[in-house]
1. Output ³J(HN,Hα) for region 246-251: one whole-Hz value per residue in order, computed from phi by the Karplus curve 6.51 cos²θ - 1.76 cosθ + 1.60 with θ = phi - 60°, and x for Gly and Pro.
2. From the cross-link list 64/254; 386/473; 27/455, which pairs have alpha carbons spaced over 32 Å apart?
3. For region 148-158, what does the Karplus curve 6.51 cos²θ - 1.76 cosθ + 1.60, with θ = phi - 60°, yield as ³J(HN,Hα) per residue in whole Hz, taken in order and with x for Gly and Pro?
4. Calculate one ³J(HN,Hα) per residue across region 336-347 by plugging θ = phi - 60° into the Karplus curve 6.51 cos²θ - 1.76 cosθ + 1.60, and present them in order as whole Hz with x for glycine and proline.
5. Excluding residues on the same chain fewer than 8 positions from residue 86, give the lysines whose Cα lies under 17 Å from its Cα.
6. Which whole-number percent gives the relative contact order of region 76-205, counting Cα pairs below 8 Å spaced six or more residues apart?
7. Which three extents, in whole angstrom, do the alpha-carbon atoms of the chain cover along their principal axes, largest first?
8. Among 255, 265, which comes first, second and so on when ranked by fewest other beta-carbon atoms within 10 Å?
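Derivation of every value follows stated rules applied to the coordinates shown; laboratory data play no part. Computed from a prediction, not measured in an experiment: that's the story for all the values here. Backbone-built Cβ (ideal geometry, glycine too); neighbour counts: all protein chains shown.
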Amino acid sequence: MTVVLLSTFLLFLLTTSRIHSEDLNTKYFPENFLFGVASSAYQIEGAWNESGKGESIWDHFTHKHPERVRDRSNADIACDSYHKIKEDVALLKELGVDFYRFSISWSRLLPTGHVNYINPDGIRYYNELIDELVANGIKPMVTLNHWDLPLNLQKLGGWTNYFLVDIFVDFARVAFENFGDRVPYWITFNSGCDVGYGTDQPPGINQSGIAEYLCVHVTLKAHARVYYLYDKEFRKTQKGQIGMTIDGKWYEPKTDAKEDIEAATRAREFLVGWMMHAIYHKDGGYPQVVKDRIAYRSKHETFPISRLPQFTPEEIDYIKGTYDFLGLNIYTTNLVSDREEDPFDEPSYEKDLRIEVTQDPSWPTSNADWLKVVPQGARNLLNWLKDNYGNPPIIITENGYADKGQLDDTGRMNYYQLYLSAVLDAIHDDKVNVIAYTAWSFLDNFEWLDGYTQKFGLHHIDFDDPDRPRTPKQSAKMYKDIISHRRLTVDLKEEL
Ligand code: NOJ
């Protein structure tokens, strides 16, 4: 309770007062702290059908429904990173990053999704990328699945089909066997069940209140199986680490009314805890409030049992503790208030959640409506994860700011300084075990349904030029400076 009130107060202070350069935390990052940048396969690789690559759900969707992407674009070419290994790694080297987070395109490696045919060019491409990184002293951090499931597997139901657990294990084995000798960090999933399965964003299952929970359930089992595969068969020789990434936000109660505080707890447990509790909490399984709410509404909707699948006690034990680190994507904060119980007319994730979400209009904004600059929220979320999950090692796997792609990207520079300062506060003052930080993104890229209208890159790309030339932005220079000094070194560009 005290923690909640204190953080509300801090948030209040933060949002009502301006931030000045002298407020930045200029302490050093811990000695072994790692800095990186991130990307994902579909967003940057291009070469969508080259050299034997199969079709992914995003290839299929953007070709079939161009009208659903804001600028009617797709990632057929994107940043063309498939053809630019040397150029990209040279830029990474220039930045001075310790690691590079990228994802494997499952359909490039296994065009049908299955292991009966392994595409030699998929093996070649990722081997070359990894070798080039290693040769330049950059550690590969590899995500196995970042939203771009092979279309074939989606036709089988995607992450609602339990058989995908075995199929994912097969895929992971191919990745570990071929690349694992040079990969110190593996991320099984970049979470995404809420949008992909509850809405019409690809794969667009759009069966809210049912499909998200099936997806989470299967994903958690698949994660655990792959963890044990790595742990039992590869860890000893390959000596890497493995975890899961949650694409998270911080949820702050809008007022200090009891109902709003409870609503914010529900938001955290439904939107973060539903993926993390089973793996990272000492009790495992789903958070109590998630189980209670879904069971309650299911009953009133005349379902004989809860819409939330149940784990057996053995499964709870099996999944619990299957991590070496916790991966966290954090961008922004939402304010949460309670809302009235909806009629029990249909299954719905939103109705299970029963919250109203807003943002404070005074928060500095970015080019993306949803992304407001609230560094204290990142600190609060880090503290919440520490307090709830026994202070696991945390890798911030994404953090970043959207603008229109200009080279003089003051907004992004401010954002990184403020968020890194909050991370330093969390490390030094709150003793949160943050071990690494990843800026999203390495390059301007295809931002899913927003196409190329939102730019997150440290490097500009001219998407009108077939050669896709890269140019470092001011923020790249600043990030390089921070990495080499291991602390924040320059003043804020403008007082926020
Ligand atoms: C999280 C996702 O993992 C990434 O793919 C996306 O581009 C960023 N959020 C920005 O929205």
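1. Result, ordered by residue: 9, 8, x, 9, 9, 10 Hz.
2. Values: 64/254 41 Å; 386/473 34 Å; 27/455 30 Å.
Checking Cα-Cα distances, 64/254; 386/473 exceed 32 Å.
3. Calculated HN-Hα couplings, in order: 9, 4, x, 4, 3, 6, 5, 4, 8, x, x Hz.
4. So the J values, rounded to whole Hz, are 10, 10, 6, 9, 5, 4, 6, x, 8, 8, 7, x.
5. Result set, ordered by chain and number: 139.
6. Numbers: 154 pairs, mean separation 34.7, N = 130.
Relative contact order comes out at 27 percent.
7. Sorted from largest, the Cα extents of the chain read 57, 56, 48 Å.
8. Working: 255 14, 265 19.
Listed from fewest to most nearby Cβ atoms, that is 255, 265.
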